[in-house]
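The values are calculated or read from the model by the stated rules, or taken from the named source; none is laboratory data. All of these numbers come straight from a predicted model, not from anything done at the bench. When we count neighbours, we look across all protein chains shown, and the Cβ atoms used for this are built from the backbone with ideal geometry, even at glycine.
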Amino acid sequence: APAVLSSIAFVEEAFGAWHISGGIGKLAQAVHQRALDLGVIFHLNSPVTEISHNSQSVTGVVLASGQSIDAEVVVANADASIIYSSLIKDDLRILKGPRKALSKADPSLAGFSLLLGLKPAPGTPLLSHHTVLFPANYDSEFDEIFTQKKPVQEPTIYICAPNDPAMVRMPEHESWFVLVNAPPHSQSGNGWDWSNREFASDYANKIISRIESRGIPIRERLEVLEIRTPADLERTVSAPGGSIYGTSSNGAQSAFLRARNRSPLKGLYCVGGSAHPGGGLPLVGISAEIVANAIGRKRT
Ligand SMILES: Cc1cc2nc3c(=O)[nH]c(=O)nc-3n(C[C@H](O)[C@H](O)[C@H](O)COP(=O)(O)OP(=O)(O)OC[C@H]3O[C@@H](n4cnc5c(N)ncnc54)[C@H](O)[C@@H]3O)c2cc1C
């Protein structure tokens, strides 16, 4: 991994790092608008509760409202473990393979994040776009997350501080995203129970204190503080345990355990961080491209 990851530094040095004006959410808005322009109909806030099928092929989806929608092709962006364990209800023989592989795959690590709105701080130098504050003992972070499965006492802290006027309401204000790695949310002992809001608030304050102890003032400037725990991620986007990268990429087998883009159930395509080729926005974009090409080829 170190050799592969060093390619990131090369790419940033050779080609530069790019930021979308207004933040990454603008990309989703642009894709949404492009799809509307092409005549796509969106049913927002309509969770799919079932992928319907016969013994060989998908036949459509059922929404939480009870409405059934017929379809020859279903592109599923939910986590693959949820697609195969709860959205497809029946015990189909052709799905034994993916179900067995997914039962061996682990979710990736989770994330605890803060969204900060900050007033101007005259005389304080602006942070770079990316800042990483490393702890004295980096190894114990891995031990706490993966072995003890508890929030990290002295975590590595990532701060994204875009100097982007399109991301703030008033000039000189700043909006920061702060992320620390976290054990997954679990109420059955296989992680940490992140549903306690008081604990989350104390943990957020601890992170802010650690940032301030490195000479970066926050509290005197703080106007907005939003906390997102792994439990929030699980509740809002159905990411198992609040995993941030779909299924884990650790281990030699992980690539083979991941859901294939073309399901053995005809007409079903899996896309996103828990499908091939994996998590993170660039790979998720490639996943979407593979699925779009596969469907395009099938139809022509
Ligand atoms: C805090 C955080 C920081 C990150 N930082 C980075 C980073 O710096 N760089 C990077 O490359 N990646 C980063 N990632 C990872 C990246 O965001 C993910 O890999 C990517 O968003 C996964 O895309 P996806 O389409 O698979 O899933 P999602 O973006 O989670 O989209 C899945 C969508 O499906 C919807 N859905 C789920 N189930 C159903 C259902 N049954 N019915 C209807 N809709 C459903 C969800 O509501 C959601 O909108 C980060 C993730 C997090 C959480």
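Residues of the stretch 138-160 that are polar (S, T, N, Q) and away from the ligand (no atom under 15 Å from the Cβ): Ser140, Thr147, Gln148, Gln153. Being within 17 Å of Leu115 (Cα to Cα) and either among the aromatic types (Phe, Trp, Tyr) or loosely packed, with under 14 Cβ neighbours inside 10 Å (or both) is a condition met by at least one residue of the stretch 174-184. For Phe177, the conditions (1) assigned to a loop (DSSP other than H, G, I, E, B); (2) within 16 Å of the ligand (Cβ to nearest atom); (3) not polar (S, T, N, Q) all hold with the exception of (1).
Here the stretch 245-260 is the region considered, the condition is being crowded, with 22+ Cβ neighbours inside 10 Å and on the phi < 0 side of the Ramachandran plot, and the residue that is modelled with the highest pLDDT is Ala259. Scanning the stretch 229-261 for residues that are in contact with a Lys or Arg (Cβ under 7 Å, 6 or more places away or on another chain) and more than 12 Å from the ligand (Cβ to nearest atom) gives a single hit, Leu257. Among all positions in the stretch 280-295, there is at least one residue which is in a loop (DSSP other than H, G, I, E, B) and in the same structural domain as Thr59 (by TED's automatic domain parsing).
Yes or no, residue by residue, for (1) among the β-branched types (Val, Ile, Thr); (2) under 27 Å from the mean Cα position of the chain (by Cα); (3) assigned by TED's automatic domain parsing to the domain that holds Ser254; (4) closer than 25 Å to Phe256 by Cβ:
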{"site": "Ala64", "(1), (2), (3), (4)": "no, yes, yes, no"}
{"site": "Ser68", "(1), (2), (3), (4)": "no, no, yes, no"}
{"site": "Glu72", "(1), (2), (3), (4)": "no, no, yes, no"}
{"site": "Ala80", "(1), (2), (3), (4)": "no, yes, yes, yes"}
{"site": "Leu87", "(1), (2), (3), (4)": "no, yes, yes, yes"}
{"site": "Leu92", "(1), (2), (3), (4)": "no, no, yes, yes"}
{"site": "Lys100", "(1), (2), (3), (4)": "no, yes, yes, yes"}
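For the stretch 47-88, the strands (runs of 3 or more DSSP E) that sit wholly inside it and include 1 or more residues that are touching an Asp or Glu at 6+ places or on another chain (Cβ under 9 Å), hydrophobic (A, V, I, L, M, F, W, C) and within 14 Å of the ligand (Cβ to nearest atom) are 58-63.
Here Glu226 clears all of (1) outside any helix (DSSP H, G or I); (2) surrounded by 16 or more Cβ atoms within 10 Å (Cβ to Cβ); (3) within 14 Å of the ligand (Cβ to nearest atom) except the condition numbered (2). Just one of the listed residues (Pro162, Pro171) is assigned by TED's automatic domain parsing to the domain that holds Leu127 and buried (at least 20 other Cβ atoms within 10 Å of the Cβ), namely Pro162. Put simply, of Leu102, Leu109, Leu116 the only residue that is more than 30 Å from Asn54 (Cβ to Cβ), within 16 Å of the ligand (Cβ to nearest atom), touching a helix residue (DSSP H, G or I) at 6+ places or on another chain (Cβ under 7 Å) and hydrophobic (A, V, I, L, M, F, W, C) is Leu109. For the stretch 269-282, the set of residues classified as out of contact with any helix residue (DSSP H, G or I) (no Cβ under 8 Å at 6 or more places or on another chain) and surrounded by 18 or more Cβ atoms within 10 Å (Cβ to Cβ) consists of Gly279 only. When only residues in the stretch 20-42 that are within 14 Å of the ligand (Cβ to nearest atom) and touching a residue at least 24 places away in the same chain (Cβ under 8 Å) count, which is farthest from Glu174 (Cα to Cα)? Among those that are within 14 Å of the ligand (Cβ to nearest atom) and touching a residue at least 24 places away in the same chain (Cβ under 8 Å), it is Ile24. Please work out which residue is nearest to Ile51 (Cα to Cα), limiting yourself to the stretch 262-300 and to residues that are away from the ligand (no atom under 12 Å from the Cβ) and polar (S, T, N, Q). Checking each candidate, the answer is Ser263.
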